[in-house]
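I have placed the structure first, in the form of C-alpha cells, so that the comments after it can refer back to it.
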Amino acid sequence: MARAMTGAGERVVVLDDLSAGVPARLPADVPLVEGSSLDAGLLEHVLGEHAVTGVVHLAAHKQVAESVARPTRYYRENVGGLATLLETVAAAGVRRFVFSSSAAVYGNPDVDLITENTPCAPVNPYGETKLAGEWLVRAAGRAHGMATVCLRYFNVAGAAEPALADTGVFNIVPMVFDRLTRNEAPRIFGDDYPTPDGTCVRDYIHVADLAEAHLAAARRLSAPDAAGDLTVNIGRGEGVSVRELVTLIGEVTGDTRAALVEGRRPGDAPRAVASAALAASELGWTARRGVREMVESAWRGWSAHHGATSAPAR
Ligand SMILES: NC(=O)c1ccc[n+]([C@@H]2O[C@H](COP(=O)([O-])OP(=O)(O)OC[C@H]3O[C@@H](n4cnc5c(N)ncnc54)[C@H](O)[C@@H]3O)[C@@H](O)[C@H]2O)c1
C-alpha cells in the first residue's frame, strides 16, 4: 500500500506495532512510527504532526486458528484498536477512512457468487472482528461525518515484487511451495466437495490489484462530494479450484508431482467466489492480474527468500 500510494504521488506515514511488520519493506522516504492502534496519545500526535487527511486501516491480526485460541486478543486489537483509532481520527477532523475487511465476514454461504447483500455469518472470531469492525466504521462515519469504505478482500495471493513476498506459510500458494521445496507432494484437503473437480473453489486476487483497489477507494473518498459509507467485495469474480491451482503451481515451478489427497479440513466452504460488480461500478476498479501472474510473482518472491530457482528434483 505504501509503495502504491507513494507511486501514485500521495504522501504517506505508516504506524505499525511491528508485531508482524518488517520496516525494511517500506520505501526509504516513508516515515514509520512504531506503535499500536491502541495508543490514543501516539495516534493523536501522529495525525497532527503529519497533517493526516485520510486513513487506510490495515493493522490487524489475521490468523483464523489463533483467533479461535485467543479471541480476546483479536477483539482487543482488531476491534478495540479500531475504536481507539476512529476516536482519534474523528477528533483530528479526518474525514476519509478505508478499512481492510475480509470475505471472512460471510462465513460459508451456499451461493454461486457472493454479493455484498449476501448475509454475513462469520464462523470464527477473526471474521467476527472484521464484521464488528465494519459496524464500528459505519457507525463512526455516520456520527462524525466521515466518508468510509470497507473492502472485503477475498483470497489474496502473489507479490508486487519479490522483496515484498509473503514469507508466512498460512495460505495455499506458499503452503504448496513449502511442500515442493521440502521435496514433498502438495496436499489437497478433500476432493469430494460438490464442485466440478471435487476440490474447494476460491476467488484469488493479486496483492498488487488489491493495493490498487485501496487507491481507488482513497480517490473516491477524495471527491469533493464524498459522503456516506460503501462496502465492497474485492475479488475477481472467477472461481479457481484447489486442484486447478495446484496444477498451475506445478507448471510454474516445473515440479508437476501428483498431489496427495487428504480428508476435508473442518470449516472449509466448498465455494467462495465474489461478485466483483459493485467494486467496478462504485470504485471504477477491476482486477487486472490473473492467477498465473499471482503464482509466478509469488514463486519469484519465494525463490528470492528461500534461495530456490526451481523446485528440487524428485
Ligand atoms: N492477507 C489476506 O489474505 C487478507 C485477507 C482479508 C483481509 N485481510 C486484512 O488485511 C489487513 C492486512 O493484512 P496483511 O495480510 O497485510 O497482514 P500483515 O500481518 O502483513 O499486516 C498487518 C500489519 O498490522 C500490524 N499490526 C497488527 N496489529 C496492530 C496494532 N494493534 N497496532 C499497530 N499495528 C498492528 C502488524 O505488525 C502488520 O505489519 C488485515 O486487516 C487483514 O485482516 C488480509
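The values are calculated or read from the model by the stated rules, or taken from the named source; none is laboratory data. What you are looking at is a predicted structure, and each value in this text was computed from that prediction instead of being measured. Don't worry about glycine lacking a Cβ; one is built from the backbone with ideal geometry, like all the others, and counts go over all protein chains shown.
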Among (1) within 18 Å of E238 (Cα to Cα); (2) surrounded by fewer than 22 Cβ atoms within 10 Å (Cβ to Cβ); (3) within 11 Å of the ligand (Cβ to nearest atom) - the single one G168 does not satisfy: (1)
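Yes/no per residue for (1) modelled with pLDDT under 95; (2) touching a helix residue (DSSP H, G or I) at 6+ places or on another chain (Cβ under 9 Å); (3) surrounded by 15 or more Cβ atoms within 10 Å (Cβ to Cβ); (4) in a strand (DSSP E or B):
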residue	(1), (2), (3), (4)
D225	yes, no, no, no
V246	no, yes, yes, no
G267	yes, yes, no, no
T286	no, yes, yes, no
P312	yes, yes, no, no
Unique residue being within 30 Å of A223 (Cα to Cα), away from the ligand (no atom under 11 Å from the Cβ) and among the polar types (S, T, N, Q) when the list is T148, T129: T148
Enumeration of residues in segment 66-82 that are out of contact with any Ser or Thr (no Cβ under 9 Å at 6 or more places or on another chain) and small (G, A, S): A69
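Name every residue in segment 9-24 that is within 11 Å of the ligand (Cβ to nearest atom) and loosely packed, with under 15 Cβ neighbours inside 10 Å, in order of residue number. Let's see the steps before the verdict.
Kept after step one, since they are within 11 Å of the ligand (Cβ to nearest atom), are these residues of segment 9-24: 14-23.
Residues satisfying the conditions are L18, S19, A20, V22, P23.
I'd like the full set of residues that are under 23 Å from D268 (Cβ atoms) and either in contact with a helix residue (DSSP H, G or I) (Cβ under 7 Å, 6 or more places away or on another chain) or crowded, with 17+ Cβ neighbours inside 10 Å (or both), limited to segment 122-146. Please lay out each step first, then the result.
Kept after step one, since they are under 23 Å from D268 (Cβ atoms), are these residues of segment 122-146: 122-131.
Passing the criteria: P122, N124, P125, Y126, G127, E128, T129, K130, L131.
Does Y106 count as within 16 Å of the ligand (Cβ to nearest atom), aromatic (F, W, Y), over 29 Å from A24 (Cβ atoms) and out of contact with any His (no Cβ under 6 Å at 6 or more places or on another chain)? Walk me through it before giving the result.
Values: within 16 Å of the ligand (Cβ to nearest atom): yes; aromatic (F, W, Y): yes; over 29 Å from A24 (Cβ atoms): yes; out of contact with any His (no Cβ under 6 Å at 6 or more places or on another chain): yes.
Here the answer is yes, as Y106 does meet what is asked.
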Failed item in (1) more than 16 Å from the ligand (Cβ to nearest atom); (2) touching a residue at least 40 places away in the same chain (Cβ under 8 Å); (3) buried (at least 20 other Cβ atoms within 10 Å of the Cβ), with R179 passing the rest: (2)
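Picking from V105, V98, V64, V137, which residue would you name as being at pLDDT below 95 and farther than 18 Å from D17 by Cα? Please lay out each step first, then the result.
Working: V105 fails: at pLDDT below 95; V98 fails: at pLDDT below 95; V137 fails: at pLDDT below 95.
Only one candidate passes the filter, namely V64.
Answer yes if at least one residue in segment 74-93 is polar (S, T, N, Q), farther than 27 Å from H144 by Cβ and within 13 Å of the ligand (Cβ to nearest atom), and no otherwise. Don't jump to the end; show me each part of the working.
Restricting attention to segment 74-93, the residues satisfying the condition of being polar (S, T, N, Q) are 78, 84, 88.
Among the residues that remain, those that are also farther than 27 Å from H144 by Cβ are: none.
No, that holds for no residue.
With a cut-off of at least 3 residues that are more than 20 Å from F97 (Cβ to Cβ) and within 19 Å of the chain's Cα centre (by Cα), name the helices (runs of 4 or more DSSP H) lying wholly within segment 16-85.
Working: elements: 40-49, 64-69, 71-74.
Correct list: 64-69.
I'd like to verify a number: residues in segment 35-65 that are free of Cβ contacts under 8 Å to residues at least 24 places away in the same chain and either more than 9 Å from the ligand (Cβ to nearest atom) or of a type in the set (F, W, Y) (or both), how many? Spell out the reasoning first.
Taking segment 35-65 as the starting set, the residues that turn out to be free of Cβ contacts under 8 Å to residues at least 24 places away in the same chain are 35, 41, 45, 49, 51, 65.
Those left that are additionally either more than 9 Å from the ligand (Cβ to nearest atom) or of a type in the set (F, W, Y) (or both): 41, 45, 49, 51, 65.
The total comes to 5.
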Some residue of segment 150-157 being out of contact with any Asp or Glu (no Cβ under 6 Å at 6 or more places or on another chain), among the aromatic types (F, W, Y) and under 23 Å from V240 (Cα atoms): yes
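Do the conditions hold for T6, that is, is it more than 10 Å from the ligand (Cβ to nearest atom), of a type in the set (V, I, T) and either within 16 Å of G93 (Cα to Cα) or part of a strand (DSSP E or B) (or both)? Please lay out each step first, then the result.
Values: more than 10 Å from the ligand (Cβ to nearest atom): yes; of a type in the set (V, I, T): yes; either within 16 Å of G93 (Cα to Cα) or part of a strand (DSSP E or B) (or both): no.
The answer is no for T6.
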Pair list, Cβ under 6 Å, 6 or more apart: segment 231-255 residue more than 13 Å from A157 (Cα to Cα), other residue crowded, with 21+ Cβ neighbours inside 10 Å and of a type in the set (S, T, Y): S241/T199; V242/T199; R243/T199
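Is it true that R96 is charged (D, E, K, R) and near the ligand (Cβ under 10 Å from one of its atoms)?
Values: charged (D, E, K, R): yes; near the ligand (Cβ under 10 Å from one of its atoms): no.
No; evaluated as a whole, the condition is false for this residue.
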Search result, residues across segment 169-210 that are under 20 Å from Q63 (Cβ atoms), at pLDDT 95 or above and part of a loop (DSSP other than H, G, I, E, B): C200
